[in-house]
Amino acid sequence: MSENISEMQLSGLARRLIIDGLIDQATAEIAVKTAQEERVSLTSYIVKNNLVSAYIIAKSNSEMFGIPLFDIETLDFEQVPRDLLNENKPIRKLIRTHRCFPLFNRGNRLFIGVSDPTTEKVFEEIRFNSGQHIEVVLVEEDKLSVAIEKLFADNQTDLGDLDDEELADLNARDSDDVQDEEAAKADEDAPIVQFVNKMLLSAIKLGASDLHFEPYEKSYRIRFRVDGIMQIIASPPVTLSPKISSRLKIMSAMDISERRKPQDGRIKLKISKHQSIDFRVNTLPTLWGEKMVLRILDPSSAKMGIDALGYEEDQKKMYLEALNKPQGMILVTGPTGSGKTVSLYTGLNILNTVERNISTAEDPVEINLEGINQVNVNPKQGMDFTQALRAFLRQDPDIIMVGEIRDLETASIAIKAAQTGHMVMSTLHTNSAAETLTRMLNMGVPSFNLATSVNLIIAQRLARRLCQHCKIKHDIPTDSLIQQGFSEEQAEQAMIYGHNPEGCPKCNNGYKGRVGIYEVVEITPGLQQIIMEEGNAIQISTQAQKEGYRNLRQSGLMKALQGVTSLEEVNRVTLD
């Protein structure tokens, strides 16, 4: 292996990884070239694209350069020399741009954590600006990213537009000052109210799907999930934790005196005369206070139309044809957060006419759909999916939507409904269309009933869309594209784009929004035969491929060919 490596092209870390058999030469060449184009370190690129684990790279660098390896997760952040983070300190910029983490001082020595030990000039700059001797230790790239985020987040105590006097007043108040709803409502102009409102509006503006308010022993952080990726937005003083929790609980009509049990609630935030956004709120008592998670429920997402979801033309045609059948079952599958609900709601909106009686059982109802009878599942009150389904069948339904098939009883009633003249739509948590069928068989659903009732299965994922204003063209060798799964013809003609890490004013680090990647499989006679023979997922998947149905990976590669998303995103969401 090592005789084929050009030392002029590949040296250092890339050469070491090839010799150790961790990546092949073609992948290494692409990684080196792309890292240079994107102006990031080779270590960062390799870890970000899941080519080699961060720990293995750190261990390899440690052995190659003779530098000790340090687990940055064990660091006591109280030891971090915070004076280096002052705005007027050049070291602050070096930490950001060159990813050098100031760990702690020992006498006149400053210990610096890095994932790439080749940036010697940076160490000299830090030594010059700090006036201390520099000791370099290696840390894992992924843990380093988390630590740098936390370091700068912890150093921000800005509460939006609050001035120093307001912040001091806010910290001086004790959480017990807010004991009931009336007391809290009387203080509508309090800075904490302004801050919480600002967080909610910021989340909507950024297009976030979830907000996380998280208390810890010595810190408090607020994170948003934007385009499927979590990011730290603010880190207010930890003393504000109970006040923020109380405010959110009041807004969502919860019991603010209950701090020991989880609670659920909803917030309706009116952002204009004609538009309001709902938030589904959940509290969870943790070691250091209540963690609050808000899921944004935007009604417009259910009315985007099927063309906005990212289906290829043949996939869209199959979905629409299945929706127009008088009976049968459509199953949508994928992990939490893969867009299953939006796919189902889009189908329901297409079917929602005055001639049809549509009922849904959901846990919970996320978005209100006018003209559709929606039921909140509540097992504590005896209303589970099974009970709801039985009630629906006594009310002359045309279309039934079940939020999730979790057990044999629910599955059996849903299949019976599909076989007796009703259209049934539901979801499962499986990874592919083939696994959906085997999951139903494993639940105990008779193979004949399954084969004759299911019309269509949609497996899906959500990938981040490339920003069309700043995406970057990548020149990737044909052989490497073929290894990724492209056909030879596709690889020769492919024009692959990647994200711009610096982004632009119109995007978030090179991405803007998300697009669905789908595996749409119609249950054909050939597949019915395998189901009735109780074939396994591999046999079902092989037959689906023979009949021309693309799996998730192939659909993702099509999105990369179209320049809609990056190959990196396709790998992230389709490689298990």
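The values are calculated or read from the model by the stated rules, or taken from the named source; none is laboratory data. Since the structure is predicted, the reported quantities are computational estimates derived from the model, not experimental observations. Using ideal geometry, Cβ is built from the backbone for each residue, glycine included, and neighbour counts are taken over all protein chains shown. SASA here: full protein model, heavy atoms, side chains in, ligands and nucleic acids out. Shrake-Rupley method; radii C 1.70, N 1.55, O 1.52, S 1.80 Å.
For the full complex of protein chains and a 1.4 angstrom probe, list Thr341, Thr333 by accessible area with the highest value first. Numbers along the way, then the final one.
Numbers: Thr341 55, Thr333 0 Å².
The ranking, largest first, comes out as Thr341, Thr333.
Assign one of three labels to the range 287-394, namely rounded, prolate or oblate, based on the Cα gyration tensor with a ≥ b ≥ c the square roots of its eigenvalues; rounded applies when a/c is under 1.5, prolate when it is not and a/b is larger than b/c, and oblate otherwise. Don't skip to the answer; put the middle values down first.
Working: a/c = 1.99, a/b = 1.24, b/c = 1.60.
Because a/c hits 1.5 or more and a/b fails to exceed b/c, the range 287-394 counts as oblate.
Name the shape class, rounded, prolate or oblate, that the alpha-carbon gyration tensor gives for the range 211-309, where a ≥ b ≥ c are the square roots of its eigenvalues, rounded holds for a/c under 1.5, and otherwise prolate holds if a/b is larger than b/c and oblate otherwise.
Working: a/c = 2.30, a/b = 1.62, b/c = 1.42.
It comes out prolate by the Cα gyration axes.
Output the pairs from Lys317/Lys559; Lys48/Lys205; Lys198/Lys268 with a Cα-Cα distance over 20 Å in this structure; if there are none, say none. Kindly include the intermediate steps, with their values, before the conclusion.
Numbers: Lys317/Lys559 18 Å; Lys48/Lys205 27 Å; Lys198/Lys268 15 Å.
Beyond 20 Å: Lys48/Lys205.
Going by Cα centres, the range 7-75 and the range 197-262 are how many Å apart?
Centre-to-centre (Cα) distance: 37 Å.
Helix check for the chain. Which DSSP H runs span at least 18 Å along their own axis by Cα, with a mean Kyte-Doolittle hydropathy no less than 1.0? Working shown, then result.
Numbers: long enough: 25-38 (19 Å, -0.49); 141-154 (20 Å, 0.01); 191-206 (22 Å, 1.13).
Long hydrophobic helices here: 191-206.
Taking C-beta distances below 4.7 angstrom as the pairing criterion, name the unpartnered cysteines of the chain, in sequence order.
Cysteines lacking a close Cβ partner in the chain: Cys100.
From the protein chains alone at 1.4 Å, what is the descending order of accessible area for Tyr216, Tyr549, Tyr319, Tyr55, largest first? Kindly include the intermediate steps, with their values, before the conclusion.
Values: Tyr216 90, Tyr549 30, Tyr319 0, Tyr55 110 Å².
These residues rank, largest area first, as Tyr55, Tyr216, Tyr549, Tyr319.
Carbon and sulfur atoms: what percent of the 1.4 Å accessible area of the chain do they account for? If you can, show how the numbers build up before the last one.
Details: 13220 of 27960 Å².
Carbon-and-sulfur percentage of accessible area, whole number: 47.
Can you give the accessible area of Asp314, probe radius 1.4 Å, in Å² rounded to 10?
In the full protein context, Asp314 sits at about 70 Å².
Would you tally the net charge around Asp384, using a Cβ to Cβ cut-off of less than 13 Å, leaving Asp384 out, and scoring K and R as +1, D and E as -1? Working shown, then result.
Working: positive: Lys380, Arg390, Arg406; negative: Glu362, Asp363, Glu404, Asp407, Glu409.
Residues close to Asp384 contribute a combined charge of -2.
Around His469, under 9 Å between beta carbons, what's the net of Lys plus Arg minus Asp minus Glu among the other residues?
Details: positive: Lys471, Lys506, Lys512; negative: none.
Net charge in that neighbourhood comes out at +3.
Net charge within 14 Å of Pro117 by Cβ-Cβ distance, Lys/Arg positive one each and Asp/Glu negative one each, not counting Pro117 itself? It would help to have the intermediate numbers written out before the result.
Working: positive: Arg16, Lys59, Arg99, Lys121; negative: Glu63, Asp116, Glu120, Glu124, Glu135, Glu140, Glu141.
Once all neighbours under 14 Å are counted, the net charge is -3.
Would you kindly calculate the mean projected area, averaged across all directions, of the convex hull enclosing the Cα atoms of the range 339-485, in square nanometres? Please report the intermediate quantities before stating the final value.
Values: hull surface 51.3 nm².
Projected over every direction and averaged, the Cα hull of the range 339-485 covers 12.8 nm².
Return, for the Cα atoms of the range 456-541, the radius of gyration and Dmax in Å, separated by a comma.
Taking only Cα atoms of the range 456-541, I get Rg and Dmax of 18.6, 56 Å.
Heavy atoms only, 1.4 Å probe, whole protein assembly: order Tyr518, Tyr45 by accessible area, highest first.
Details: Tyr518 5, Tyr45 30 Å².
Of Tyr518, Tyr45, the descending order of accessible area is Tyr45, Tyr518.
Can you pull out the trypsin sites (Lys or Arg not before Pro) in the range 236-265 whose DSSP state is coil and whose Cβ has at most 10 other Cβ atoms within 10 Å?
Working: sites: Lys243, Arg247, Lys249, Arg259, Arg260; in loops: Arg259, Arg260.
When the trypsin sites (Lys or Arg not before Pro) of the range 236-265 are filtered for loop state and at most 10 Cβ neighbours within 10 Å, Arg260 remain.
Which whole-number percentage describes the relative contact order of the chain, with Cα contacts under 8 Å and a sequence gap of 6 or more?
Working: 946 pairs, mean separation 53.6, N = 576.
Over the chain, the number comes to 9 percent.
Which loop-located GluC sites (Glu not before Pro) does the range 516-576 contain, where loop means any DSSP state but H, G, I, E or B and the Cβ has at most 15 other Cβ atoms within 10 Å? All intermediate terms of the calculation are to be shown ahead of the outcome.
Values: sites: Glu519, Glu522, Glu533, Glu534, Glu547, Glu568, Glu569; in loops: Glu533, Glu534, Glu547.
Here the sparse-neighbourhood loop sites are Glu533, Glu534, Glu547.
Taking loop as defined by DSSP and a crowding limit of 13 other beta carbons within 10 Å, which trypsin sites (Lys or Arg not before Pro) in the range 16-48 fit? Don't jump to the answer; show the numbers that get you there.
Working: sites: Arg16, Lys33, Arg39, Lys48; in loops: Arg39.
Those satisfying the criteria are Arg39.
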